[in-house]
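Worksheet: one structure, shown below.
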Amino acid sequence: MVHAYAADLYRFAYWKCRDRALAEDLVQETYARAWAAWRDLRDEKAAKQWLFTILHREHARLYERKQMQAEAQVSEQEMEHLMRVAEAQTQRNVELREAMWALPAPFREPLVLQVLGGFACEEIAQMLGLSEAAVMQRVSRARRALRKQLEPERDSMERRS
Amino acid sequence: MNCLEFRRLKLTDPNRLTPAALEHAAACPSCADFNGAQDAFERELLEAVNVAADPALAARVLLRRRLKHAGYRRVFARAAVVLLICAALISAGVRLLTPEPAMFSALAAHVAHEPNAFKADEHRTHSDLAAALSASGARIVRPIKGDISYIHPCPVPGGMGKHIVIRIGAGTITLLTMPNKNVYFRKVKTHEGYAVAVLPCKRGSVALVAKSEAELTKLEAQLRDHVQWQT
Ligand SMILES: [Zn+2]
Ligand SMILES: [Zn+2]
């Protein structure tokens, strides 16, 4: 379960806080809380949903305030890392990530859970304490916003057709 | 299905199209284009979301768990061998029937980790409560004279359950329903300043959590007049 999910939990955490050290802390915290209940997590799907939900809660509990700061200012270390990573990335990828960060967290988080975890809207609703309708609306609006930002031409063409 | 509906569905959950949606895309060239373009976008999106994760992370998670246990292992190593054999024999018999200690610490930690649940003021209705308890097969027989201040789905032992907070005359009680966790006897334990009782339900079990055992006993008795856990 650690090998299967640690990387995706880390990614989910990163998309919450944009801070690599914090993201790893969150993954460690999540597993620390999960060990106690390990035996009870019978099927793999329940365990996966469980882990992502715990990470979401831990983040809310520990880092909500820090996140505000993190969003306000990107640390120098983070900037350096971004530059290094950016070299290895396509321009498109960088643009898409920036567009993701530009989305408000309530839209970004359910989208990340869907794309990364493959969760259904109903499952995401359970995990984030939202209604299924709200999740459906947020992920589709997030996709529209991303495509509009990255492909303004194609978007308007589709709208006309 | 029309084009508008298809596109809305595709943007909501691109990998879970319904048979009707697939049928529409097969018959409508413009939506087939849209479908292909969105699939291409989804591949880019997945690539963007997949930020690099340190491959050693899983190893560090496991290492931390081992370190935490190592210190205690050294001290108790020898005694533990003897104890383990005795404990295994006893617990093999008992474990099937009673909730295990790890569950109580997990439940106490759950409540301790979510102080927002105590502060909430959602003023939920009795039908909300009835719906939340229905997965456990519990039934409200008489309305509770209290304020149902919090109901949310939460991860609990066994899978997902409901986290409920009710303010009754004698104090505040937290309920954690565990529809997939079977216990056969009621058991109470105090952990980290929380008194936790686990009771069997028609389906799975429910944990009642209060600030002390005295308060728990009082609140549990009040609830018993209003909720049937095992009918
Ligand atoms: Zn169409
Ligand atoms: Zn909870």
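Residues considered: B:Ala20, B:Ala132, B:Ala210. Largest GNM mean-square fluctuation over chain B, using C-alpha springs under 10 Å, is found at B:Ala20. Shielding by partners for peptide A:112-119, expressed as the average number of C-beta atoms from other protein chains within 10 Å of each residue's C-beta, is 4. Leaving out ligands, DNA and RNA but keeping every protein chain, what accessible area does B:Glu47 have, in Å² rounded to the nearest 10, with a 1.4 Å probe? About 110 Å², rounded to the nearest 10.
Kirkwood hydrodynamic radius, chain B, all distinct C-alpha pairs: what's the number in Å? Let's see the in-between values first.
Working: mean 1/r = 0.0458 Å⁻¹.
One over the average 1/r among Cα pairs gives 21.8 Å for chain B.
Excluding same-chain neighbours fewer than eight residues apart, the aspartates and glutamates reachable from A:Lys148 by a Cα-Cα span under 13 Å are A:Glu95, A:Glu158.
Counting partner chain Cβ atoms within 10 Å of every residue's Cβ in B:37-46, what's the average?
Mean number of neighbouring Cβ atoms from other chains: 4.
Comparing B:Ala32, B:Ala112, B:Ala170 in a Gaussian network model of chain B (Cα springs below 10 Å), the most mobile by mean-square fluctuation is B:Ala32. Counting Cβ atoms of other protein chains within 10 Å of each residue's Cβ and taking the mean over peptide B:4-13 gives 4.
Among the lysines of segment B:103-231, pairs at least eight places apart or on separate chains and with Cα atoms under 24 Å apart come to 24. Normalised Debye scattering of segment B:101-228 at q = 0.12, 0.17, 0.18, 0.22 Å⁻¹ gives log10 I(q)/I(0) of -0.37, -0.80, -0.91, -1.52, counting only Cα atoms as equal scatterers and leaving out solvent.
Taking a Cβ cut-off of under 14 Å around B:Ala58, the surrounding Lys, Arg, Asp and Glu residues balance to a net charge of +2, with basic ones at +1 and acidic ones at -1. Rounded to 0.05, the FRET efficiency of the B:Lys68 and B:Phe185 pair, given R0 = 45 Å and the Cβ-Cβ distance, is 0.90.
Using helices alone, I'd like the mean residue ellipticity at 222 nm for chain B: each DSSP H run of four-plus residues gives -39500 (n - 2.57), total over residue count, nearest 500. Don't skip to the end; give the middle numbers.
Values: 8 runs with 117 residues, N = 231.
Helix-only estimate at 222 nm: -16500 deg cm²/dmol.
Give me the net charge of B:Glu213's neighbourhood, meaning all other residues with Cβ under 15 Å from the Cβ of B:Glu213; Lys, Arg count +1, Asp, Glu -1.
Summing Lys and Arg as +1 and Asp and Glu as -1 gives +2.
Spin-label pair B:Gln230-B:Ala102: with each label point 7 Å from Cα along the Cα-Cβ axis, the two points sit 2.7 nm from one another. Once you sort the root eigenvalues of the Cα gyration tensor of segment B:3-49 as a ≥ b ≥ c, which label holds: rounded (a/c under 1.5), prolate (a/b larger than b/c) or oblate (the other case)? Prolate is the answer for segment B:3-49, as a/c is 1.5 or above and a/b outweighs b/c.
With a sphere of radius 9 Å drawn around the Cβ of B:Pro179, what net charge do the other residues whose Cβ falls strictly inside it have (Lys, Arg +1; Asp, Glu -1)? Once all neighbours under 9 Å are counted, the net charge is +3.
Can you figure out the FRET efficiency of B:Asn50 with B:Asp121, using R₀ = 30 Å and their beta-carbon distance, to the nearest 0.05? Numbers along the way, then the final one.
Working: r = 40 Å, r/R0 = 1.34.
With a Förster radius of 30 Å, E is 0.15.
The values are calculated or read from the model by the stated rules, or taken from the named source; none is laboratory data. Nothing here was measured: the structure is a model prediction, and the numbers come from that model. Every residue, glycine as well, gets a Cβ built from its backbone with ideal geometry; the counts of neighbours run over all protein chains shown. These area figures cover heavy atoms from the full protein model, side chains too; ligands, DNA and RNA do not enter into them. Shrake-Rupley method; radii C 1.70, N 1.55, O 1.52, S 1.80 Å.
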